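J.: Here you go, one structure.
The values are calculated or read from the model by the stated rules, or taken from the named source; none is laboratory data. As the structure is a prediction and not an experimental result, all values here were calculated from the model. Positions of Cβ are generated from backbone atoms using ideal geometry, with glycine treated the same way; all protein chains shown enter the neighbour counts. Calculation scope for accessible area: heavy atoms of the full protein, side chains included, ligands and nucleic acids excluded. Shrake-Rupley method; radii C 1.70, N 1.55, O 1.52, S 1.80 Å.
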Amino acid sequence: MHNRESAPRLRRGNGIHFFFTSFWACFLIMALSTCVYAFPWDPQPPIPNYDPPRWEKVKTLWNNHYGGNNLDELISTLTSLKEVYPAKIEPILLLAKAHYLHARYKSQDRKEHFEKAEQYALQACKMDQKNLYALTTLIETLCYSRDHNYIFSKYGTLIRSYAPIKDTTEALPDMKYSEWNAFKVLWLARVDIEKGKAAVIRVEKMAGENPKDGLAQTWASRANYYIGQYYTSIDEHDKGLPYYKQGIAYGASACKLLPYSVPANYWYMLNQSRSIQFTSLVNKSFYLKSILDPIYFCSKENSIYFFCGPVISLATIVTNGGWITEKGMHLVNITLEMDLNGLEIANILFPHYYYIPYAWADVLAYKGKKAEALAILEKVIASDPNVDPLIPENHCFIRLAKRLYNDIKQGKY
């Protein structure tokens, strides 16, 4: 009798919960569509309107710099603009980024290019203290060229002055298809995994109907990754594998359409790396190039993308791939110490994205610093998973932190 009476109450409660969840999701959509964000994840280089001939040349060279092409000519053109317009920030900003890219892509005069990148990025920060393009270029330069003591003794106060960075965008921009709003309502409510799955169905429909749209393919890759990660976090990784595999397929399509897109490469790489996470080292070595190539590309072009995703992802790849991955890193002039510096800075700038301290603790445990790792994990575990409604992934990250904490405590790590 009691059970029969309680059932209607449960159904009414579920209805009220659904109403408020939908209302909140709709509110977020309206808020996001009208808000001017201070920190886009995939910013385009700031190309101004003055001196059109030279800036058009800069734009052309910039669009063809991938792989290290045209960087010397790009630097020369930007230098001429700086000399003619010494009070303008745009030549300084792009000189910093161009020198940084030169140092990352080419071995010739690497130290000198890093030093110039640091000099120009700091100059831009002083010219406009709110310019996050200048800050992120400075941080990228420091992480890949300076040691911990130098970074934090000289720039620690400056970096902390920007923290925490707020008003970040979604990982990917909105689309304009008729299904979009229905998808977004479900996506913003994806903390309920069934709504997340329904969102995947919606975005896959858009991707299927628009096979030449690289953004749609990237969104489908990103959405599938979320579901896969959810199952990995509840220790049901096998249930997540079909989603990772779908994410790989959509990501591969996105990379063919947008080969120089950081988001396309990033979500493809994440799905690929998660899909083999618990396989043998022999199997991992077979897929290593298909994982490291896109993450190194993302690392060079935009290490700050989506809460410093290339930095934190590389940390997880190292702890799961071991010496094989570390050897590959050294071949492209990246060390684990560089990644640790990036993790520490990321944790300062984005304290509400809990995968950052999780990855930081994972690397520390990997290096044998288990007491430090446990201290960081205890803070993650005690954190509020709902601190930011736009990051429901934090529920997954806390579960992963609990698992890692227990593994360390039990001597399994």
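J.: Tally up the residues in segment 196-220 that are free of Cβ contacts under 8 Å to residues at least 40 places away in the same chain and part of a helix (DSSP H, G or I), please.
T.: 12
J.: What is the one condition in (1) hydroxyl-bearing (Ser, Thr, Tyr); (2) free of Cβ contacts under 8 Å to residues at least 12 places away in the same chain; (3) open to solvent by less than 50 Å² (accessible area, probe 1.4 Å) that Thr279 does not satisfy?
T.: All conditions pass for Thr279, except number (3).
J.: Give segment 291-303 a look and list any residue that's open to solvent by 10 Å² or more (accessible area, probe 1.4 Å) and in a loop (DSSP other than H, G, I, E, B), or say none.
T.: Asn302
J.: Got a sec? Which of Ala252, Ala264, Ala223 is assigned to a helix (DSSP H, G or I), open to solvent by 20 Å² or more (accessible area, probe 1.4 Å) and within 27 Å of Gln44 (Cβ to Cβ)?
T.: Ala252
J.: Tell me which residues, restricted to segment 308-332, are farther than 22 Å from Leu135 by Cβ and of a type outside the set (A, V, I, L, M).
T.: Passing the criteria: Thr316, Thr319, Asn320, Gly321, Gly322, Trp323, Thr325, Glu326, Lys327, Gly328, His330.
J.: Residues to consider are Ser153, Ser161; find the one that is more than 14 Å from Ile348 (Cα to Cα) and more than 19 Å from the chain's Cα centre (by Cα).
T.: Of Ser153, Ser161, the one residue that is more than 14 Å from Ile348 (Cα to Cα) and more than 19 Å from the chain's Cα centre (by Cα) is Ser153.
J.: Continuing with this model, one more query. Which pairs do you get when a residue that is closer than 13 Å to Ala96 by Cα, found in segment 71-85, comes within reach of a residue that is aromatic (Phe, Trp, Tyr) and surrounded by 15 or more Cβ atoms within 10 Å (Cβ to Cβ), reach meaning Cβ atoms under 8 angstrom, with the pair 6+ apart or on two chains?
T.: Qualifying pairs under 8 Å: Leu71/Tyr105; Leu74/Trp62.
J.: Evaluate segment 311-327: report whether one residue or more is within 22 Å of Ser153 (Cα to Cα) and in contact (Cβ under 8 Å) with a residue 24 or more places away in the chain.
T.: Looking for residues that are within 22 Å of Ser153 (Cα to Cα) and in contact (Cβ under 8 Å) with a residue 24 or more places away in the chain, one finds at least one in segment 311-327, hence yes.
J.: Taking the options Asp109, Asp128, Asp147, name whichever one is of a type outside the set (Phe, Trp, Tyr) and on the phi > 0 side of the Ramachandran plot.
T.: Answer to the selection: Asp109.
J.: I need every pair where a residue in segment 86-104 that is assigned by the TED database to the domain that holds Leu138 and among the charged types (D, E, K, R) has its Cβ under 7 Å from the Cβ of a residue that is in a helix (DSSP H, G or I) and open to solvent by 10 Å² or more (accessible area, probe 1.4 Å), sequence separation at least 6 or different chains.
T.: Arg104/Lys300
J.: I've got another one for you. Please verify whether Lys379 is in a helix (DSSP H, G or I), surrounded by fewer than 18 Cβ atoms within 10 Å (Cβ to Cβ) and modelled with pLDDT under 95, treating the condition exactly as stated.
T.: Judged against the criteria, Lys379 is not a match.
J.: What number goes with the only condition from (1) touching a residue at least 40 places away in the same chain (Cβ under 8 Å); (2) of a type in the set (A, V, I, L, M, F, W, C); (3) open to solvent by 10 Å² or more (accessible area, probe 1.4 Å) that Leu122 does not pass?
T.: Among (1) touching a residue at least 40 places away in the same chain (Cβ under 8 Å); (2) of a type in the set (A, V, I, L, M, F, W, C); (3) open to solvent by 10 Å² or more (accessible area, probe 1.4 Å), Leu122 violates only (1).
J.: Sticking with this structure for a sec: If Tyr358 satisfies all but one of (1) open to solvent by less than 50 Å² (accessible area, probe 1.4 Å); (2) under 25 Å from Lys154 (Cβ atoms); (3) out of contact with any Lys or Arg (no Cβ under 9 Å at 6 or more places or on another chain), what's the number of the condition it fails?
T.: Exception for Tyr358: condition (2).
For (1) open to solvent by less than 50 Å² (accessible area, probe 1.4 Å); (2) at pLDDT below 95; (3) not assigned by the TED database to the domain that holds Leu135, each residue gets a yes or a no:
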position: Tyr155; (1), (2), (3): yes, no, no
position: Lys176; (1), (2), (3): no, no, yes
position: Met206; (1), (2), (3): yes, no, yes
position: Asp238; (1), (2), (3): no, no, yes
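J.: Looking at this structure, is Arg190 open to solvent by less than 50 Å² (accessible area, probe 1.4 Å), charged (D, E, K, R), touching a residue at least 60 places away in the same chain (Cβ under 8 Å) and in the same structural domain as Asn265 (by the TED database)?
T.: Considered against the rule, which asks whether it is open to solvent by less than 50 Å² (accessible area, probe 1.4 Å), charged (D, E, K, R), touching a residue at least 60 places away in the same chain (Cβ under 8 Å) and in the same structural domain as Asn265 (by the TED database), Arg190 comes out as yes.
J.: Inside segment 141-150, can you point out the residues that are touching a residue at least 12 places away in the same chain (Cβ under 8 Å), in a helix (DSSP H, G or I) and farther than 15 Å from Ile348 by Cβ?
T.: Scanning segment 141-150 gives a single hit, Thr141.
J.: Out of all the residues in segment 342-361, is one or more more than 24 Å from Arg222 (Cβ to Cβ), more than 20 Å from the chain's Cα centre (by Cα) and either among the aliphatic types (A, V, I, L, M) or in a helix (DSSP H, G or I) (or both)?
T.: no
J.: Looking only at segment 314-331, count how many residues are open to solvent by less than 10 Å² (accessible area, probe 1.4 Å) and of a type in the set (Ser, Thr, Tyr).
T.: So the count comes out to 1.
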